[in-house]
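Please treat every number below as a calculation from the coordinates, not as lab data. These numbers come from a predicted model, not from an experiment. In this analysis, Cβ positions are derived from the backbone assuming ideal geometry, glycine residues included, and neighbour counts consider all displayed protein chains.
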Amino acid sequence: MMGFIPALLNPAMPFVRNALLAGILSSLLFGTLGAVVTVKRISGLAGAISHAVLGGIGMALFLSARGILPGLPPLVGALVFALLAAGIIGFVSLKARQREDSVINAVWAIGMSVGVLFIAKTPGYADPMSYLFGNILLVSTRDLVMLAVLDVIVVFLAWRYYPQIEASSFDEEFARVRGVPTDAVFMVTLAITAIAVVLLQTFVGIVMVIAMLTLPAGTAGFSAKNLASMMLGGSILSAVFSAGGLALSWTLDLPAGAVVVVLAGAAFLTVSAITALRSKRRSAGGSAV
C-alpha cells in the first residue's frame, strides 16, 4: 500500500488531499465551538442535536421518494431538524433548567424515532447511515467550500462578540448584570453549533463530531488562561489529531474517524492524569510544610 505522504502528493489521488484539508478546516470549528461547548458544559446538547437530525434526514428521503418535494437533499432536512432541536432545547434550558436533561433525552430519542418511521415508509431502499456516519475520505471540493464558509462565519462571530461570549460562558449571572444578552448569546451558540454539527457529521461522522467538540478543547483547557487561548489551543490540537489520525489510519488501513478519536482521547486522558498527579504532589507538598 502506498505511504501517506506519497499518496498525499499523488495527483491521481485528490481525495487524500481533500481529507487532510477537511480535517484542518474542521479543526477551526472544533476548537472554536468546542471551547464554548466545553466551558458551558453543553456537550450533551450537541450530542442530542447530532442524533435528532436522523428525523430530518428520514423526512427528506421520504418527501423526495414520494415526489412531494422531488430532489430534496437530506442535508436540508437535517439542518431543519437540527435548528428545531436546538430551539427546543435552548428554550427549555432557559425557562426550566431543572428539566433540561429530560428534554435533551426526549429530543434525542424522538428525533431518531421520527427518522426511523419516515425511512420505514420511504419507497425503495433508503440508507441514512451514510449521512450520519460520513467518511472523511469522501469529502468533495464542494464540501470543502461549505466548511470554509462556515469557518469564516464562526471565526468572525467569535472575534466580533468575544467579550460577550467569554462573559456569558464563565459567569452568566454576572454577565447578565453587566447588560450582556446572555440568552441571545446562548441561543445563537446553539444554532451555530447545530449547523456545524450537521455539516461536520455528514463529512467526518457523528462519533468524531461529538468527540472532537469536547476532547481537543478539554485538553487545551488544562493549560489555557482564557477562552481565546482555549479556542486556539483546541484548534491546533484538533488539526494535529486530524492529520495524525488520517496518516496513521492510511498506513494501518483503519477507519480514519475512529483513529482520530482514539488519538484525541488518549491525549486527553494522558494530560488529565498528568494534571491530577501534579495537583496531588502540590497538595502533598503543602501538607508537609
Theoretical FRET efficiency, 1/(1+(r/R0)^6), r = Cβ-Cβ of VAL149 and ARG282, R0 45 Å, to 0.05: 0.45
Selection from MET212, GLY77, SER169 lying farthest towards where the dipole of the chain points positive, charges on Cβ: SER169
Length added when fully stretched, PHE174-ALA191, from 0.36 nm per residue minus Cα-Cα: 3.8 nm
Mean separation of Cα contacts under 8 Å, 6 or more apart, over the residue count of the chain: relative contact order %: 29 percent
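Where in the chain are the helices, taken as whole DSSP H runs, whose Cα atoms extend 24 angstrom or more along the long axis and whose Kyte-Doolittle mean reaches at least 0.0?
Correct list, ordered by number: 14-39, 43-65, 74-95, 100-120, 141-160, 182-204, 227-252, 256-288.
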Simple spin-label estimate for THR251 and THR141 in nanometres, 7 Å along Cα-Cβ: 3.1 nm
Proximal lysines relative to LYS40, as straight alpha-carbon distance under 25 Å, when same-chain residues fewer than 8 apart are discounted: LYS95, LYS225
Percent RCO, i.e. relative contact order, over region 1-74, from Cα pairs under 8 Å lying at least 6 residues apart: 14 percent
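How much length is gained on full extension from ALA109 to VAL240, taking 0.36 nm per residue of separation minus their Cα-Cα distance? Can you show the working numbers first?
On the way: separation 131, 0.36 × 131 = 47.16 nm, distance 3.37 nm.
So the extension gain works out to 43.8 nm.
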Mean Cβ count within 10 Å, highest first, over the residues of peptides 189-198, 67-76, 103-112: 189-198, 103-112, 67-76
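Between ASP183 and LEU8, take the C-beta separation as r, use R0 = 51 Å, and let me know the FRET efficiency to the nearest 0.05. Walk me through the numbers before you get to the answer.
On the way: r = 46 Å, r/R0 = 0.90.
About 0.65, to the nearest 0.05.
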Those residues of region 28-51 whose amide nitrogen sits under 16 Å from the label point placed on ASN226, 7 Å along Cα→Cβ: 36
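Going by how many other Cβ atoms sit within 10 Å of their own, how do PHE81, PHE222 line up, fewest first? Present the calculation step by step, with values, prior to reporting the outcome.
Numbers: PHE81 26, PHE222 14.
With the fewest neighbours first, PHE81, PHE222 line up as PHE222, PHE81.
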Label corresponding to Rg and Dmax of the Cα atoms in Å when calculated from the structure given, among (1) 17.7, 54; (2) 20.0, 61; (3) 20.3, 77: (3)
